[in-house]
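First up is the structure itself, then whatever we jot down about it.
The values are calculated or read from the model by the stated rules, or taken from the named source; none is laboratory data. Given the structure is predicted, the values throughout are model-derived calculations rather than measurements. Cβ atoms come from the backbone with ideal geometry, glycine included; neighbour counts cover every protein chain shown.
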Amino acid sequence: MRVIHGEDAIDEALQRTSSEALSSFGDGRVFVEKYVDTARHIEIQILGDAYGTVLHLGERDCSLQRRHQKVIEETPSPFLTADLRQAMTDQAVAFARHVGYNSAGTVEFMVTPGRAFYFLEMNTRLQVEHPITEMVTGIDIVEHMIRIAAREPLSFTQNQVSFSGHAMEARLYAEDADHGFMPCSGRVTRFEPFIAEEGLRLDAGIEAGTDVSIFYDPMLAKLISWAPDRLEAIQRLQRALAKMTLEGPIHNAGFLEQLLLHPKVIEGDYTTHFIEKEKTLDLPPNQKRLVKAIAVLIHHRANGAGPPGEWIVVEEGKGALVSLEDDGVVVEGEALDLDLHWHPRERHFVAALEGQSYYGQVHLEVMGLTLTLFGRTYSLQVMHPKVWSLYTHVRPTDSLPDNLVVKAPMPGILISLPISIGDRVKFGQTLLVIEAMKMENALKSPADATVLDILVQPGDSLVGNQVLVKLG
């Protein structure tokens, strides 16, 4: 699906959409419909049997999306009023009954800020996000699909469907959230999900040793939480992401954790454009100081827990003074009431600050440590102030990035090359199109420039970070 904002974008959007549809489904036909901006994407789960009974199992809010694909879903929706929920479920049931539908299915709507709703489509299959409905209703949707297919009537009525608590699902993808959510590949070298807490469920398609290829959708797993109320469901899911270990291909677990920590997500104040507009979550100052304090405490314990003293925490070439004192930690002049639960050789830690518990992971290295906290990864060094003084005089300078070399962001197949050597190209102009993981990804020019060299041709298999085009 592609959104067209102007007439000049129609041709390329139709070409790319038709090509993707033909490649994935063998049918290149394209539907064009009105685009409802600043909306919620809300779907109704239905069940219908062969004897005319149709009922609903409530709604799912699927508005947290990137590239028009869902990443976090929840039920019930924090946006719907009781009257709007009734109107939408009535419409969904009436629609399915009118066409004589029998199986599980989903009727999807777009809902405007003014709470007008528009029919989007009906998915006549099981949805990826069906587990959250199962968690709040206790109804096994897959079981009833099978029973309906065996010509059994539904064994319950609408009045017998009850809803309890709140459920959320996070989709774990092999993708790079920092670079346009480009799909990634590679071998899973370690996968240790955390589902020991009550109310957690994991649906996974990977294990250590699994090869994530370029030929399939990059979804790896789904992590689902249930709790008596929405805030607890969010916190439970965030903790599960923080405690999970996944190594190998680049993935979006940290990004999902950041979303769940975002104040607007916690408030339920988001639309389908939220991820696009709220690019990153800026951490409060006390949490930024917390990262540095944890780094010093871990460094101190890992090296024998000597007497208190001063340390410099270095991140991206910048140093911050952290003092370990008998009664606490002082970071850049600010005292923190911090309690850290961690022992050497452990990967996970829990930090308690101002009544809040934060879950993270640490990897000790020869020249420093890597902390994962708040959905971010921090590469840090902890050094004595005298060593820092020397370091500032001898550290190498960074080289300038080569912005005019276009590289493959992922493995894939080059399917289109609409440029030639010597062409003048504009900033944002499409240079190449790569097909990977069921999606076509257009690589754009980083500047107004001239094409100096083209190192590939259509049909070539590409590897990640391969140089494709040189500009000047």
* Name the residue, out of Leu281, Leu231, Leu290, Leu297, that is farther than 23 Å from His130 by Cβ and at pLDDT 95 or above. => Leu231
* **Matching residues in the stretch 449-461 - criterion: being assigned to a loop (DSSP other than H, G, I, E, B) and aliphatic (A, V, I, L, M)** => Leu455, Val456
* Asked: Which one is modelled with the lowest pLDDT, of the residues in the stretch 393-432 that are loosely packed, with under 12 Cβ neighbours inside 10 Å and over 15 Å from Leu471 (Cα atoms)?
  -> Leu400
* Pair list, Cβ < 8 Å and 6+ apart or interchain, from the stretch 209-229 residues that are on the phi > 0 side of the Ramachandran plot to residues that are assigned to a strand (DSSP E or B) and modelled with pLDDT under 95 -> Gly209/Arg187
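Quick check: anything in the stretch 79-96 in contact with a strand residue (DSSP E or B) (Cβ under 7 Å, 6 or more places away or on another chain), closer than 28 Å to Asn252 by Cα and either in the same structural domain as Ala50 (by TED's automatic domain parsing) or surrounded by 12 or more Cβ atoms within 10 Å (Cβ to Cβ) (or both)?
Yes: the stretch 79-96 contains one or more residues that are in contact with a strand residue (DSSP E or B) (Cβ under 7 Å, 6 or more places away or on another chain), closer than 28 Å to Asn252 by Cα and either in the same structural domain as Ala50 (by TED's automatic domain parsing) or surrounded by 12 or more Cβ atoms within 10 Å (Cβ to Cβ) (or both).
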* **Long-range neighbours under 7 Å by Cβ, at least six apart or interchain, first residue under 14 Å from Ile294 (Cβ atoms) within the stretch 318-345, second of a type in the set (D, E, K, R) and crowded, with 18+ Cβ neighbours inside 10 Å** => Ala320/Lys292; Val322/Lys292; Val331/Arg289; Val331/Lys292; Leu336/Arg289
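Residue-wise test of (1) in contact with a helix residue (DSSP H, G or I) (Cβ under 7 Å, 6 or more places away or on another chain); (2) farther than 15 Å from Thr272 by Cα; (3) hydrophobic (A, V, I, L, M, F, W, C).
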{"site": "Arg85", "(1), (2), (3)": "no, yes, no"}
{"site": "His130", "(1), (2), (3)": "yes, yes, no"}
{"site": "Val136", "(1), (2), (3)": "no, yes, yes"}
{"site": "Glu143", "(1), (2), (3)": "no, yes, no"}
{"site": "Ala149", "(1), (2), (3)": "no, yes, yes"}
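If we scan the stretch 239-248, do we find a residue that is within 19 Å of the chain's Cα centre (by Cα) and surrounded by fewer than 16 Cβ atoms within 10 Å (Cβ to Cβ)?
First, the residues of the stretch 239-248 that are within 19 Å of the chain's Cα centre (by Cα): 239-248.
Imposing the further condition that a residue be surrounded by fewer than 16 Cβ atoms within 10 Å (Cβ to Cβ) reduces the set to 245, 247.
Yes, the conditions are met somewhere in the stretch 239-248.
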